[in-house]
């Protein structure tokens, strides 16, 4: 089946006499494309760029600094998903803070953090709530559970983001040319397929929703390439086993119950209108930034780090002077090298920073 | 501003830089562990034998024999998991480290660090496992030590086992012996120990048929060495940092290009599911009952057949080859016919966000 999809992809690509660039906006797609060796099988004139789909990578530096500032408070336990641990802030990382004695815990589920708070009334427990529409509902469920249990020692530092405003901002910026989108499987499970219609109708870019297995990604890329060959612009859901038109209504209601959209800062994209989810006034008692009167996040990037441009598809990792020289998975400088879903780590890990003899059809390597 | 040790980059001396502390990832058996050993341990203690960083050190003894010596500490949480516990682990790990050096294990030393408050029945369960594994391996515990630390100073029970064994003088297993054309053989499916422990730790509510593969491999290895000893060039057990770490090390140590074939690497469906759920790659997850044998390609089929006769080698197969290139890179031919690099994992296995 993979062979068949790849054959379709190559045939369609052969009928197009120009380079074609697609973008995925999902960290799992980024990783899967490298881990399965898909990049090494792409036709010469088709590129798959990684967009702003890695939750850790799009989190603004100031938000990461706030979290590390919180961890330094000895009365606070910070609970986080693993990816956040090693992201460097202005002063160290959560992992460094833990080694210095801060109480930082890696959890698989936010409910573990709620449980910890319920069992440790003397401590303030803060959950680092990052991620897109995929993780926002579980944060919402946790806040509602904490409210139900009257937990006054649980709060969240929420930097949840919405994928579509970022895709739109990227297209409007005019800084990156994209011929179509491989739309994220997980996010689409929640928001459904319909929201992408705006990208198709207003920006005339084909959108194909795809799953994560090698076959599903190859099929989705073949479908996108065929649309370009045929001059078509359509929204196609090739992950119907998980994604419906309207998405997961229960999860959407959870999001609507406790959050409202707000202008939010993204790494590499700046402030995007209505792109973030912030707690509604009635739930602000669970907002860690208010509870601990944290300083206002400063906007800055690590010196020389191009993560912001990498996650918007404007640069490839090896165009960054730090990449593979100073910035490596064991000594990361930017989040794209920290997260297992980050483009820089995928390049480094599966391609040895471009040293691998296999040609990679990504970004500027062939320009 | 970036911290100094980041700007210093991946040099061997960076662990010494002011303010750097030990992180959990330094103990993960990955690149960061290598850096700590290269940066702090070897400069102080390095010598011809230690610098090899092999599973066992092999010391001269007499005309016919050399002495293999190894030691390992076991701090697994939880101490009991599907398929085994810390006691079985402590015996198997050390027996396996001796066996892959080509040694016949003679005896084990067992040191226990117990936390105040540990129920004695828990200790009894662990000791029963030690006895069981030791009997399976036919390697007795011949000396030991017991220490108790205050409540909160340690987590339940830590075990340390050292072992000695004898290696015939004419048996030379070394990365230098790896040759172009050699086959890489494994005795069964990968990732099961690490995934079982991760599931028990992170998702105790999940009911899985997955079990740790922890087992002493000395009988299996002995059978291979007895029948095909001359064809075996090197062996290692794939523990922390998984098959990926082992294969990347083999490529680096031998200076050869190594290619693994994903389509033939055995992974049970339940392990694959668990890995997907936890956001991990089975290639990078720990095993405690898997050996990779690098052998002459002409003897590979017979070695596989011999391994399959043994209970712990039923799914033995050739998973890769040593190439002609002297680039020290390990590569994977992926399921869909693509190619990618295999590198040693960084360190602590951290779950992804979604």
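None of the figures in this text is laboratory data; all of them are computed from the coordinates on show. Quick caveat, the model's predicted, so the values are computed rather than measured. Note: ideal-geometry Cβ built from the backbone for every residue, glycine included; neighbour counts use all protein chains shown.
Once you order the gyration tensor axes a ≥ b ≥ c over the Cα atoms, which shape class does the range B:175-342 get: rounded for a/c under 1.5, otherwise prolate or oblate by comparing a/b with b/c? Here the range B:175-342 falls in the oblate category. Can you tell me the FRET efficiency between residue B:65 and residue A:300 if r is taken as the Cβ-Cβ distance and R0 is 60 Å, rounded to the nearest 0.05? So the FRET efficiency works out to roughly 0.40. A helix-only calculation puts chain B at -8500 deg cm²/dmol for mean residue ellipticity at 222 nm, using -39500 (n - 2.57) for each DSSP H run of at least four residues, averaged over all residues. From the Cα gyration tensor of chain A, with a ≥ b ≥ c the square roots of its eigenvalues, which class applies: rounded if a/c is under 1.5, or else prolate if a/b is larger than b/c, or else oblate? It comes out prolate by the Cα gyration axes.
Ranking of B:85, A:202 by neighbouring Cβ atoms within 10 Å, starting from the fewest: A:202, B:85. Kindly list the residues of the range A:27-54 that lie in the label zone of residue A:233, defined by a backbone N under 17 Å from the point 7 Å along the Cα-to-C-beta vector. Once the point is set 7 Å along Cα→Cβ of residue A:233, nothing inside the range A:27-54 turns out to lie under 17 Å by backbone N. Considering helices alone, the calculated mean residue ellipticity of chain A at 222 nm is -10500 deg cm²/dmol, with DSSP H runs of length four and up weighted by -39500 (n - 2.57) and normalised per residue.
Peptide A:37-44: average number of partner chain Cβ atoms within 10 Å per residue?
On the way: counts 12, 5, 3, 6, 5, 1, 0, 0.
Neighbouring Cβ atoms belonging to other protein chains average 4 per residue here.
Using Cα atoms only, what is the angle between the long axis of helix A:136-148 and the major principal axis of chain A, expressed in degrees (0 to 90) to the nearest 10? For helix A:136-148, the angle is close to 20 degrees.
Relative contact order for the range B:55-171: 42 percent, from Cα pairs under 8 Å spaced at least 6 residues apart, divided by residue count. Among beta bridges identified by DSSP and lying wholly in the protein assembly as shown, the antiparallel ones come to about 55 percent.
Let me check against my output: what whole-number percent is the relative contact order of chain B, with C-alpha pairs under 8 Å and at least 6 apart?
On the way: 755 pairs, mean separation 77.1, N = 354.
Rounded, it is 22 percent for chain B.
For peptide A:82-95, how many partner chain Cβ atoms fall within 10 Å of a residue's Cβ, on average?
Details: counts 9, 6, 2, 5, 6, 0, 4, 3, 3, 2, 5, 3, 0, 7.
Going residue by residue through A:82-95 and averaging, the value is 4.
Under the 0.36 nm per residue contour assumption, what length would be gained going from the current alpha-carbon distance of residue B:176 and residue B:261 to full extension? It would help to have the intermediate numbers written out before the result.
Values: separation 85, 0.36 × 85 = 30.60 nm, distance 2.30 nm.
Result: 28.3 nm gained on full extension.
Taking other Cβ atoms within 10 Å as a rough exposure proxy, A:347, B:79 sort from fewest to most as B:79, A:347.
Specify whether the C-alpha gyration tensor of the range B:247-342 places it in the rounded, prolate or oblate class, a ≥ b ≥ c being the square roots of the eigenvalues: rounded for a/c under 1.5, otherwise prolate if a/b is larger than b/c and oblate if not. Oblate is the answer for the range B:247-342, as a/c is 1.5 or above yet b/c matches or exceeds a/b.
Modelling each spin label as a point 7 Å along the Cα-to-Cβ direction, I'd like the residue A:260/residue A:10 distance in nm, to one decimal. Here the modelled spin labels are 5.5 nm apart. When only Cα pairs below 8 angstrom with a gap of at least 6 residues are kept, the range B:203-354 shows a relative contact order of 38 percent.
Calculate the mean, over all residues of peptide A:315-325, of how many other protein chain Cβ atoms lie within 10 angstrom of the residue's Cβ.
Numbers: counts 0, 0, 0, 0, 0, 0, 0, 4, 0, 1, 2.
Partner Cβ neighbours, averaged per residue: 1.
The distance separating the Cα centre of the range B:242-304 from that of the range B:200-231 comes to 13 Å.
Annotation: the residues B:61, B:69, sorted from fewest to most other C-beta atoms within 10 Å of their own C-beta, follow the order B:61, B:69.
What length, rounded to one decimal in nm, is gained on full extension from residue B:116 through to residue B:324, with 0.36 nm per residue of separation minus their alpha-carbon distance? Provide the component values of the computation, followed by the final result.
On the way: separation 208, 0.36 × 208 = 74.88 nm, distance 5.60 nm.
Full extension from residue B:116 to residue B:324 adds 69.3 nm.
With labels modelled as points extended 7 Å from the Cα through the Cβ direction, what inter-label distance (nm, one decimal) is found for residue B:127 paired with residue B:147? So the label points at residue B:127 and residue B:147 sit 2.0 nm apart.
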